[in-house]
Structure formats: structure tokens, C-alpha cells
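**Student:** I'd like to ask you about the structure that follows.
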Amino acid sequence: MNHYDIDLFVIGGGSGGVRAARTAAGLGVRVALAENRHLGGTCVNLGCVPKKLFVYASHFREDFLAAKGFGWFINQPQFDWPRLLAQKNHEIERLRGIYQDLLNDSGVMLLEDRAHLLDAHTVRAGERQFRCERILIATGGCPFIPDIPGKEHAVTSDEMFALDRLPKRILIVGGGYIAAEFAGIMHGLGVETTICHRGDKLLKGFDEDVRTFAAREMCKKGIAIRFNTQIDAIEKTGNGFAAHTDQGHRLESGLILYATGRTPNISGFGLEAVGVEQDDAGAIKVDEHYQTNIPSIYALGDVTHRFNLTPVATAEAMALVYGLYTDKPAPVDYDNIPTAVFSQPPVGMVGLTEAEAKNRYPDIDIYQSVFTPMKHTLSGLDEKTLMKMIVRRSTDRVLGVHMVGTDAGEIIQGMAVAIRAGATKAVFDSTIGIHPTAAEEFVTMRKAEL
Ligand code: FAD
């Protein structure tokens, strides 16, 4: 008989926390989960899901334009923002309900409270206190706005999912995937959109050609991008806001969105008192078993600030639970994690960029293709697709696959399986294409660039 009330206490009901709690409870572990805001966490409520619904909504504008080229004539389409918000909220309610049912059905004790660490084995949630053998911190991350004068006038991605009305003009500060995605959403919904980024390219971490190409395609659609520009201050004006740049410009806008990064959610629940170690960015430090410096306390997902993606958080949750409670460990392989940006056009990648590959190996071949997708031969829209493949000459292994174009996320997911399986260029070449698709280009690229 152990003297604990709970075997595993999970703090945070987001992607990682819910998966860990459900999986452990399914193995007969006594689990409690505390979530003080909204079940499903960032992904369901303020991230992947509502964002993707907005991407769908915003793409219709282009679809209506493209339809003409195929013989459809549609009278001036009307867009109703409150209706989209209501529809989105309804879907998210449904998903939260599913999460709640999954937890209840697997026997997790669900606490709708903020959890607070009291010591290495004790958690308080609301009025109740629990002695726990192990504690998992899966508190995720949150957006932040740098400390500039007038920062209180800016919003973050959190507020974008509940705006009362759409502005006529928006200024988006940042150059990462959240900035690129919201630029596409806002532009598609008819908002005059400007991105302001302190770097000279969007989408750091992606292949250089992809970064240039994606930004060019976004500009062609009508999104303005100001590179090498920093915002020094924001001021409220009569009918909106003005951002003052380090170049001496004054950019007027109805809304200013800051998408310059996220920080781990680590404050106000007792981490310091218990002595859980964090790195300089505030992320909780863990070893390869997700264990912190306090042996009974574990952490995973965005609060460890490594690969801030939902499928990584859920994979880590499975790895932790299987590692702790079964003799079948399921460690996460952090190589070749595929990822997509749901910008317009979207971007997808798996494996190494050209620069990373050339850094690692002396014998790299690059296969690249830029083409007009078949749909746009009649749509009247000027959108191009980029596909790029990085191959190591001596082994013929495909090290990286990159795409900017329609359905990039869907296509790269399939490519990721091939890359993980160690596919060579010869395997790609001998794979029969599906015709006519854009994806068949990946199995028909024959000539390496000189
Ligand atoms: P979270 O999902 O953030 O969950 C943490 C939970 O802990 C929260 O619900 C919070 O309320 C709760 N909590 C915090 N402190 C306490 C406490 N003391 N007591 C109780 N509860 C607490 N990822 C993708 O893979 N694909 C995408 O397309 C994608 N799009 C995104 C778009 C946006 C705009 C954002 C912001 C993120 C996006 N992400 C995407 C990232 C993804 O949402 C995160 O990687 C994922 O949600 C991390 O899961 P998590 O469990 O670590 O944390």
C-alpha cells in the first residue's frame, strides 16, 4: 500500500496533459488532471483548430475568384464574421466535450481548478490537496508582447479568436508561422494586411528558398511585408492605432497583432518554491525521460519549449507514460519531425534544409521545381508551387523534402513516412506518380541543379 492519494497528478489539460492522463488511467494508474481555463488547451481553443477553421474561411475569397475561370458566376459574396465566430465556437465546444468524455471514460479525476505545487509530492487544486507519487507539468505556453511603450494597445493570437469585428487594416508584427498564418487569414477575409518583421525573411528555420518563395507568393496576393523593421512604440489614434518604426515610419492600422513568440507557462503555481529548474528562457529543464531535477516531477510539451507542436506534445505524453508504467517504452524520435505552415499558399517540410544538409555532408544534390499548378491554368490566379528535395549523393538518401503550394501539409505528411523509412532518391524515382496531381512532381524530378 502506498501512502499517496494519486499516482500521477497532471497539471494542464492541453494536448500533452490530456494524452498523458488518459493513457495512464487506461493502464490502471490513479490519475487526476487539473485544468483551470479550457480543456484541450491551446491547440483546441486558441491554436491549431480555430486557426485552421479560419484558414478555410479565408480561402473562400480566392476560391470565388477562381470559380469564374471554370464558368461559375457568383454575385458579390458576403462574409459574416460573427457567423464564423459562432460556428467556430460551436465546434470547439464539441471538441471540449469529447475531451471531457474521454477523460471521464478512462477514469481520470478531472479538477476544473488551477493547480499549485506545494512540495515535491503535494498539489493543491482549488480547496483540495493531494499527495501524489508523481506530478506532470504540462502547462504549455502563452504569447507575449515585448516591453515597448503602448504595448497595451496590441493584441496577441489569443484575442484574434474572439474579435468583436474585423478591422479594415491590420499590422502584424513578427515573422514566424503564427504571423504568416494570420496574415493569410486576415487578407483572405478582406482586411488590408501588413507584416512588419525585424528580420530579412519570414519563417526562420525553414529552407532559405522556401522562405523567399513563400514571402513572394504572399506579396503577390496583396499582403505587404516590411522586412528589417522594428516597432519602437504604439500610440492610440482617433480611429485606431499607429506603430512607430525604427525607420522613422508611422504605420496606421485598426488593429496591431503581435506574433513575435511565445513563452513557457511557468509563473504563479509554485515552481520556484519547489525548486524546479528552468533554462534562461524560462523553459522547464528535463532529461530524456521528461524528468526534472526534482525526481517526482516531470514536464513535457510547450512548457519545455523545444518543439512546440501538438503531435510532439502527445508523442512525449505517450513516451512518458509507457516509460513509467509499462515495459514497452515508446521514446520520441526528434529527427525528421514534419511540419507545416498554414499560410496562403501553405508550406510544408520534413528533414534537413539545404543549408543544414550542406553543413553536415559534402555531397548534396538539390532537386527543385517551380510550376503553375493545373488549377491555376484556368483560375486566373497567379500562384506558383515550389517543390524541393535534398539528396545525399553518396548514399542516395533523401534528407529533406520541402514544398510551398496548395495542400503542402497533406503532401508532406506522406513524404515524412518515406523519409523516416530511409527512402532513397531511387525509391522516389521508381514510385509511380498519381496523375494529374502536384505531388507527382516529387517522383518525377530527375535532374539535380548544377
Ligand atoms: P497547452 O495545449 O498550451 O495546454 C496547457 C494547459 O495548461 C492550458 O489549457 C492551460 O490553461 C493549463 N494550465 C496552465 N497552468 C495551469 C495550472 N497551474 N493549473 C491548471 N491548468 C493550467 N501546433 C501544431 O502542431 N499545429 C498547428 O497548426 C499549430 N497551430 C498553432 C497556432 C497558434 C495560434 C498557436 C498559439 C499554437 C499552435 N500550435 C500548433 C502549437 C500547439 O497549440 C501547442 O504546441 C500545443 O497546444 C502544446 O500542448 P501542451 O499540452 O504543451 O500545452
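**Student:** Name the residues in region 1-21 that are surrounded by fewer than 24 Cβ atoms within 10 Å (Cβ to Cβ) and not in a loop (DSSP other than H, G, I, E, B), would you?
**Tutor:** Hits for region 1-21 are Ile6, Asp7.
**Student:** Kindly list, by first and then second residue, each pair from a residue in region 174-192 that is within 11 Å of Phe60 (Cα to Cα) and not assigned by TED's automatic domain parsing to the domain that holds Ala243 to a residue that is open to solvent by less than 10 Å² (accessible area, probe 1.4 Å) and within 10 Å of the ligand (Cβ to nearest atom), limited to pairs with Cβ atoms under 9 Å and residues at least 6 apart or on different chains.
**Tutor:** Close Cβ pairs satisfying both conditions: none exist.
**Student:** Taking region 162-192, which residues are farther than 17 Å from Val49 by Cα, within 12 Å of the ligand (Cβ to nearest atom) and in a helix (DSSP H, G or I)?
**Tutor:** none
**Student:** Given the criterion crowded, with 16+ Cβ neighbours inside 10 Å and within 23 Å of Ala32 (Cβ to Cβ), identify the matching residue among Glu127, Glu133, Glu112.
**Tutor:** That would be Glu133, the only listed residue that is crowded, with 16+ Cβ neighbours inside 10 Å and within 23 Å of Ala32 (Cβ to Cβ).
**Student:** Oh, and also: Does Val155 meet the test of being crowded, with 23+ Cβ neighbours inside 10 Å, within 22 Å of Asp232 (Cβ to Cβ) and in contact with a Phe, Trp or Tyr (Cβ under 8 Å, 6 or more places away or on another chain)?
**Tutor:** no
**Student:** Restricting the search to region 250-308, which residues are more than 12 Å from the ligand (Cβ to nearest atom) and at pLDDT below 95?
**Tutor:** Those that are more than 12 Å from the ligand (Cβ to nearest atom) and at pLDDT below 95: Glu272, Ala273, Asp280, Ala281, Gly282.
**Student:** Being exposed (fewer than 14 other Cβ atoms within 10 Å of the Cβ) and either basic (Lys, Arg) or assigned by TED's automatic domain parsing to the domain that holds Leu386 (or both), is that true of even one residue in region 222-236?
**Tutor:** Yes; the residues of region 222-236 include at least one that is exposed (fewer than 14 other Cβ atoms within 10 Å of the Cβ) and either basic (Lys, Arg) or assigned by TED's automatic domain parsing to the domain that holds Leu386 (or both).
**Student:** Could you go through region 334-345 and let me know if any residue there is more than 25 Å from Asp407 (Cβ to Cβ) and either open to solvent by 70 Å² or more (accessible area, probe 1.4 Å) or part of a loop (DSSP other than H, G, I, E, B) (or both).
**Tutor:** Yes, region 334-345 contains a residue that is more than 25 Å from Asp407 (Cβ to Cβ) and either open to solvent by 70 Å² or more (accessible area, probe 1.4 Å) or part of a loop (DSSP other than H, G, I, E, B) (or both).
**Student:** Looking for whichever is open to solvent by less than 30 Å² (accessible area, probe 1.4 Å), hydroxyl-bearing (Ser, Thr, Tyr) and either in contact (Cβ under 8 Å) with a residue 60 or more places away in the chain or not assigned by TED's automatic domain parsing to the domain that holds Thr437 (or both) here; the options are Thr385, Thr326, Thr353. Which one fits?
**Tutor:** Thr353
**Student:** Turning to a different aspect of this structure: Limited to region 309-327, what total is found for residues that are near the ligand (Cβ under 8 Å from one of its atoms) and farther than 15 Å from Val10 by Cα?
**Tutor:** Matching residues across region 309-327 total 4.
**Student:** If you don't mind, another one. Examine region 413-423 for a residue that is closer than 26 Å to Val55 by Cα, under 27 Å from the mean Cα position of the chain (by Cα) and either among the charged types (D, E, K, R) or surrounded by 20 or more Cβ atoms within 10 Å (Cβ to Cβ) (or both), and state whether such a residue exists.
**Tutor:** yes
**Student:** Ala24 - would you say it is under 30 Å from Ala319 (Cβ atoms), open to solvent by less than 60 Å² (accessible area, probe 1.4 Å), touching an Asp or Glu at 6+ places or on another chain (Cβ under 6 Å) and within 16 Å of the ligand (Cβ to nearest atom)?
**Tutor:** No; evaluated as a whole, the condition is false for this residue.
**Student:** Within region 283-291, is there a residue that is of a type in the set (D, E, K, R), part of a strand (DSSP E or B), open to solvent by less than 80 Å² (accessible area, probe 1.4 Å) and within 25 Å of Thr339 (Cα to Cα)?
**Tutor:** no
**Student:** Follow-up question, since we're still on this one. Grab the helices (runs of 4 or more DSSP H) fully contained in region 40-158, keeping just those with 3 or more residues being acidic (Asp, Glu).
**Tutor:** By residue number, 81-105.
The values are calculated or read from the model by the stated rules, or taken from the named source; none is laboratory data. Since the structure is predicted, the reported quantities are computational estimates derived from the model, not experimental observations. So basically every Cβ, Gly included, is an ideal-geometry build from the backbone, and we count neighbours across all protein chains shown. Remember, those area values only see protein heavy atoms, side chains included, never the ligands or the DNA or RNA. Shrake-Rupley method; radii C 1.70, N 1.55, O 1.52, S 1.80 Å.
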